[in-house]
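Undergrad: The structure is given below, and queries will be raised subsequently.
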Amino acid sequence: MSIQPLLDALGIQEDAARTVADDLRAQIADLQARLREAETHLEHLAITRKTVTTLTDRLAAHTVSPGLPEHPDYPRILAVFNEATIPLRARDVCEALDHKLLPKNIEGTRAKLKRLVKLDILTEINAGTFTSKQ
């Protein structure tokens with residue numbers, strides 16, 4: 001009895017498996033390259049976002065309304081209220097400004113809102129709820 005036909009059959013299966021493995025390696029290499037491109041694009045977008053935010057803050061600081069305190073958050077706070085359709089709390093403003101919702105940030109924003117009320121720019125309609133002057 002000859003084992004040659006069995007060896008030939010194994011050889012055919014090995015060739016097929018090798019071809020599948022080679023195809024999968026090629027797909028993996030392609031996916032890795034695409035992943036690197038996507039990660040690079042994400043990094044560039046993050047840099048762009050940071051640059052735009054920084055420039056917006058700088059521009060806002062230069063176009064401060066008369067009587068408005070000199071801090072980059074004030075023009076941004078006013079922009080939030082200009083877009084708002086309902087009264088806002090300090091927490092809502094923090095979210096709109098992309099500040100982390102930490103107590104110190106919320107309290108700092110609340111202090112800024114209270115200052116804007118004293119400057120007669122905003123109105124505090126209920127305790128802790130603010131709206132634009134109409």
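Undergrad: Cα to Cα, under 27 Å, and not fewer than 8 places away if on the same chain: which lysines meet these conditions relative to Lys114?
TA: Within the straight-line limit of under 27 Å, Lys114 reaches these lysines: Lys100, Lys104, Lys133.
Undergrad: Label points 7 Å out from Cα along the Cβ direction at Ala84 and Lys114: separation in nm?
TA: 1.6 nm
Undergrad: Let me ask something else. Which percent of the accessible area of the chain is formed by carbon and sulfur heavy atoms (probe 1.4 angstrom)?
TA: Heavy-atom surface of the chain belonging to carbon and sulfur, 1.4 Å probe: 57 percent.
Undergrad: Right, here's the next one. Need the full-extension length gain, Lys133 to Ala38, defined as separation in residues times 0.36 nm minus the C-alpha distance. One decimal, nm.
TA: Going from the current span to full extension adds 29.7 nm.
Undergrad: Let me ask something else about it. Residue by residue through segment 96-103, what is 3J(HN,Hα) from phi via Karplus (6.51 cos²θ - 1.76 cosθ + 1.60, θ = phi - 60°)? Round to whole Hz and write x for glycine and proline.
TA: Once θ is set to phi - 60°, the couplings for segment 96-103 become 5, 8, 6, 7, 5, 7, 9, x Hz.
Undergrad: Treating each Cα of the chain as an identical point scatterer and ignoring solvent, apply the Debye formula and state log10 I(q)/I(0) at q = 0.11, 0.15, 0.21 Å⁻¹.
TA: The Cα Debye sum returns log10 ratios of -0.58, -0.82, -1.21.
Undergrad: From a point 7 Å beyond the Cα of Ala46 in the direction of its Cβ, which residues of segment 83-111 have a backbone N at a distance under 17 Å?
TA: 100
Undergrad: In whole Hz, with x marking every Gly and Pro, tabulate ³J(HN,Hα) for segment 67-84 from phi via Karplus 6.51 cos²θ - 1.76 cosθ + 1.60, θ = phi - 60°.
TA: My calculation for segment 67-84 gives x, 8, x, 7, 7, x, 6, 4, x, 5, 4, 4, 5, 4, 5, 5, 8, 6 Hz in order.
Undergrad: Compare the Cα positions of Ala9, Leu55, Gln32 along the charge dipole of the chain (+1 at Cβ of Lys, Arg; -1 at Cβ of Asp, Glu; about the Cα centre) and return the one farthest towards the positive end.
TA: The one lying farthest along the dipole's positive direction is Leu55.
Undergrad: Which residues' amide hydrogens lie under 5 Å from the amide hydrogen of Arg89, considering only partners 5 or more residues apart or on another chain, with H built in the peptide plane?
TA: Phe130
Undergrad: Provide the per residue accessible area, probe 1.4 Å, for the chain, rounded to a whole number of square angstrom.
TA: That works out to 76 Å² per residue.
Undergrad: Over the chain, what is the mean sequence separation of C-alpha contacts under 8 Å (at least six apart), divided by residue count, expressed as relative contact order in percent?
TA: So the answer I get is 15 percent.
Undergrad: Could you run the Karplus curve 6.51 cos²θ - 1.76 cosθ + 1.60 with θ = phi - 60° over segment 114-123 and give me ³J(HN,Hα) per residue in whole Hz, x for Gly and Pro?
TA: After applying 6.51 cos²θ - 1.76 cosθ + 1.60, I find 5, 5, 5, 5, 4, 7, 6, 9, 10, 10 Hz.
Undergrad: Suppose every Lys and Arg Cβ carries +1 and every Asp and Glu Cβ carries -1, with no other charges. What dipole size does the chain come out with about its Cα centre, to the nearest 20 debye?
TA: Details: 18 positive and 19 negative charges, 253 e Å.
About 1220 debye.
The values are calculated or read from the model by the stated rules, or taken from the named source; none is laboratory data. Because the structure is predicted, anything quoted here is derived from the model rather than measured. Don't worry about glycine lacking a Cβ; one is built from the backbone with ideal geometry, like all the others, and counts go over all protein chains shown. Areas reflect the complete protein model, heavy atoms only, side chains present, ligands, DNA and RNA absent. Shrake-Rupley method; radii C 1.70, N 1.55, O 1.52, S 1.80 Å.
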